[in-house]
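Only one structure is covered here, and it is reproduced in the block below.
The values are calculated or read from the model by the stated rules, or taken from the named source; none is laboratory data. Keep in mind it's a predicted model, so treat the numbers as computed, not measured. Using ideal geometry, Cβ is built from the backbone for each residue, glycine included, and neighbour counts are taken over all protein chains shown. Only protein heavy atoms, including side chains, enter the accessible area calculation; ligands, DNA and RNA are left aside. Shrake-Rupley method; radii C 1.70, N 1.55, O 1.52, S 1.80 Å.
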Amino acid sequence: MAKEYKILSPTAILGYGFPEESFMRGIAEHPDLIAVDAGSTDPGPYYLGAGKSFTDRTGVKGDLRYMLTQGIKNHIPIVIGTAGGSGARPHVEWCRKIIEEIAAEEKLSFRMGIVYADVDKEAVVQAIEEGQLIPLDDQPIPTAEQVRECPYVVAQMGPEPLHAMIEAGCEVILAGRCYDPVCFAARPIEEGYDRALATHMGKILECAAIAATPGSGSDCALGILKEDSFILQALSPERQFTAQSTAAHTLYEKSDPYHLPGPGGSLDLTNVSFTELGDGRVEVRGTQFVPTPKYAVKLEGSRCVGYRTCSIAGTRDPILIASIEKVAQQVKDRVTNLLLHDDMKGEVFFHIYGKNGVMGTLETVKDVNPHEICIVMEVLSDTQEHANTICSLTRSTFLHYGYEGRISTAGNLAFPFSPSDIPMGAAYEFCLYHLLEVDDPSALFSSEVVEIKN
Amino acid sequence: MKTLPEVAQVIRSKNSSPFKLTMDIIFREREVFDEVRRRNLINPEVVARAYNIPVERIEKLLYFEPAKAIKIGMSRVVRSGAPGDTDVYGAQQHAPLLTIELDI
């Protein structure tokens, strides 16, 4: 029998959950690996900047309990990629603590390898000064000051930094920021499987059953890697992988479905075929890996741009609604004038739901006359206190503003809550999303091996 | 004339990075996809008109045969989650595509 390598992907993001029956069907297939992608930049810049997970601790612990108890009992290795959602050191430590708690509660002992993805900020500054940072998506090169405003800078690791952990006999590998497919692909690549196919399979498995039909981000999928193809299989009877669902998934969140760039090179899908095997399974073949002349990793960093306070209100007054954009601008101007007297600077944004709250300047529908609208007042300033003050001023100015034609003189806004203003803490924006060329794919990534004994 | 929702099974938008939006149109019938592709009925001009933006802002438009789909790329107005952004995931920027009419 030709050799094959089976990977169980329990869920699209660690913490999103999965049906126990699907997971146990996957275990019954005797997988060679249980792997899960725990992260994403989708939820925005806050989580990397603040060092916090966007996933819920209880959810993550619940998913990990199944993976660890079944994995250790059945001698199936486990790999977790982009721990804690963003994969910087505090995210990895957060996930490590959860793993150690479960191990103590379930009396599990194992060897765990931890790979960190944090990059020294001064090394990034030096790379900028030497002109070695390569922009992606037309982004400007950040200044040294902006890099230093990023609490954490991470690099997306390729499979290489995990190899030392595999060689050290780690049953569990907990990795910081990874290129998404890496937690699935590193072990089979180490065993000699084709890098292109392993990575492409990882690219699909990192979303678990999202690529099946009907798709789900909280159900399991099984990938079977062979020498010159791979097979995808759903693990609950209501789902199946079809040629269409798998091919369509290739589009998902990608800017170009034919070329998927990653550490060290790109996947070329130009000649890929998707063949239905007739029982809800799809076989994929033809993926190529095209190495780049020099190995590069993607850096990510979010810098703190101030503090945010917001306030939410509605209005049901047709006279105000008819001139809401104009009134909002007048309120903003008055607040700006009032602030001139104080030594306080801030920015005010109005999100006007019912008009263009969702699409902003991209909104194409201009002439609308809704019977009610929602106004989210967003204020950014250099400290939380200043943001609170400016938000308070904006809210009270708006509430009592005597706009042209007003006949409802007791108050312009309906607040759903008391208190009306919400201090939101530090605000971040992505500032590093650049490639850095490296001589050694593993050199940036430090690691340690720990023995968990219970 | 048919509107896009009449012939597409999926019309969606999403971030492809914190700075880029990507839109997918996945057709129901292979024949319709083939005709749209052959006659180039969906092109950067058509998409730009639907969004009422200059055509230069449509940075990418390609036909993806294996999924009978069209992929469109453009830059976000505000980077994901930065102050003033309206859609962190970029998942609700697809609606103007629903208004496209096809001469088929």
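For the reader, a short list of remarks on this structure follows.
- Residue check: residue B:49 meets all listed conditions (1) touching a residue at least 12 places away in the same chain (Cβ under 8 Å); (2) open to solvent by 80 Å² or more (accessible area, probe 1.4 Å); (3) within 14 Å of another protein chain (Cβ to nearest Cβ) but one, namely (1).
- Scope the stretch B:55-75; condition among the aliphatic types (A, V, I, L, M) and open to solvent by 20 Å² or more (accessible area, probe 1.4 Å); matching residues: B:55, B:61, B:62
- The stretch A:218-326 holds strands (runs of 3 or more DSSP E) entirely within its bounds, and those carrying 2 or more residues that are of a type in the set (Ser, Thr, Tyr), in contact (Cβ under 8 Å) with a residue 12 or more places away in the chain and surrounded by 17 or more Cβ atoms within 10 Å (Cβ to Cβ) map to A:296-315.
- Listed by first and then second residue, the pairs with beta-carbon distance under 8 Å, at least 6 apart or on different chains, first residue in the stretch A:166-194 and farther than 24 Å from residue A:154 by Cβ, second among the aromatic types (Phe, Trp, Tyr) and open to solvent by less than 30 Å² (accessible area, probe 1.4 Å), are A:171/A:110; A:188/A:5; A:191/A:5; A:193/A:5.
- Scope the stretch A:125-164; condition charged (D, E, K, R) and at positive phi; matching residues: A:137, A:138
- Residue check for residue A:77: assigned by TED's automatic domain parsing to the domain that holds residue A:446, touching a helix residue (DSSP H, G or I) at 6+ places or on another chain (Cβ under 8 Å) and touching a residue at least 12 places away in the same chain (Cβ under 8 Å): yes
- All of A:41, A:58 fail the test of being crowded, with 21+ Cβ neighbours inside 10 Å and among the β-branched types (Val, Ile, Thr), apart from A:41.
- Residues (touching a Lys or Arg at 6+ places or on another chain (Cβ under 9 Å) and buried (at least 21 other Cβ atoms within 10 Å of the Cβ)) located in the stretch B:1-16: B:8, B:15, B:16
- Odd one out for residue A:362 among (1) in contact (Cβ under 8 Å) with a residue 12 or more places away in the chain; (2) open to solvent by less than 20 Å² (accessible area, probe 1.4 Å): (1)
- Per-region count, the stretch A:396-414, residues in a loop (DSSP other than H, G, I, E, B) and open to solvent by less than 40 Å² (accessible area, probe 1.4 Å): 5
- All positions within the stretch A:118-155 that are of a type in the set (Gly, Ala, Ser) and closer than 30 Å to residue B:77 by Cα: A:127, A:131, A:144, A:155
- Of the candidates A:439, A:421, the single residue that is open to solvent by 50 Å² or more (accessible area, probe 1.4 Å) and of a type in the set (Asp, Glu) is A:439.
- All positions within the stretch B:76-104 that are on the phi < 0 side of the Ramachandran plot, more than 7 Å from chain A (Cβ to nearest Cβ) and either part of a loop (DSSP other than H, G, I, E, B) or surrounded by 16 or more Cβ atoms within 10 Å (Cβ to Cβ) (or both): B:76, B:78, B:85, B:91, B:94, B:95, B:97, B:100, B:102, B:103, B:104
- Residue B:40 meets all of the listed conditions (1) more than 30 Å from residue A:382 (Cβ to Cβ); (2) part of a loop (DSSP other than H, G, I, E, B); (3) facing another protein chain (nearest Cβ under 7 Å) but one, namely (3).
- The stretch A:327-378, residues that are part of a helix (DSSP H, G or I), within 13 Å of chain B (Cβ to nearest Cβ) and of a type in the set (S, T, N, Q): A:361
- Which listed residue, of A:86, A:40, is under 25 Å from residue A:308 (Cα atoms), modelled with pLDDT of 95 or more and in a loop (DSSP other than H, G, I, E, B): A:86
- Considering only residues in the stretch A:228-254 that are in contact with a Lys or Arg (Cβ under 7 Å, 6 or more places away or on another chain) and more than 14 Å from chain B (Cβ to nearest Cβ), the one that is farthest from residue A:265 (Cα to Cα) turns out to be A:235.
- Residue count for the stretch B:18-31, restricted to those that are within 14 Å of another protein chain (Cβ to nearest Cβ) and open to solvent by 30 Å² or more (accessible area, probe 1.4 Å): 3
- Total residues in the stretch A:365-395 satisfying the condition of being open to solvent by 60 Å² or more (accessible area, probe 1.4 Å) and in contact (Cβ under 8 Å) with a residue 12 or more places away in the chain: the figure is 5.
- Qualifying residues in the stretch A:117-140 (those that are in contact with a helix residue (DSSP H, G or I) (Cβ under 6 Å, 6 or more places away or on another chain) and not in a strand (DSSP E or B)) - the one nearest to residue A:254 (Cα to Cα): A:124
- Among the residues of the stretch B:60-75, the one identified as more than 7 Å from chain A (Cβ to nearest Cβ), among the charged types (D, E, K, R) and either in a loop (DSSP other than H, G, I, E, B) or touching a residue at least 40 places away in the same chain (Cβ under 8 Å) (or both) is B:68.
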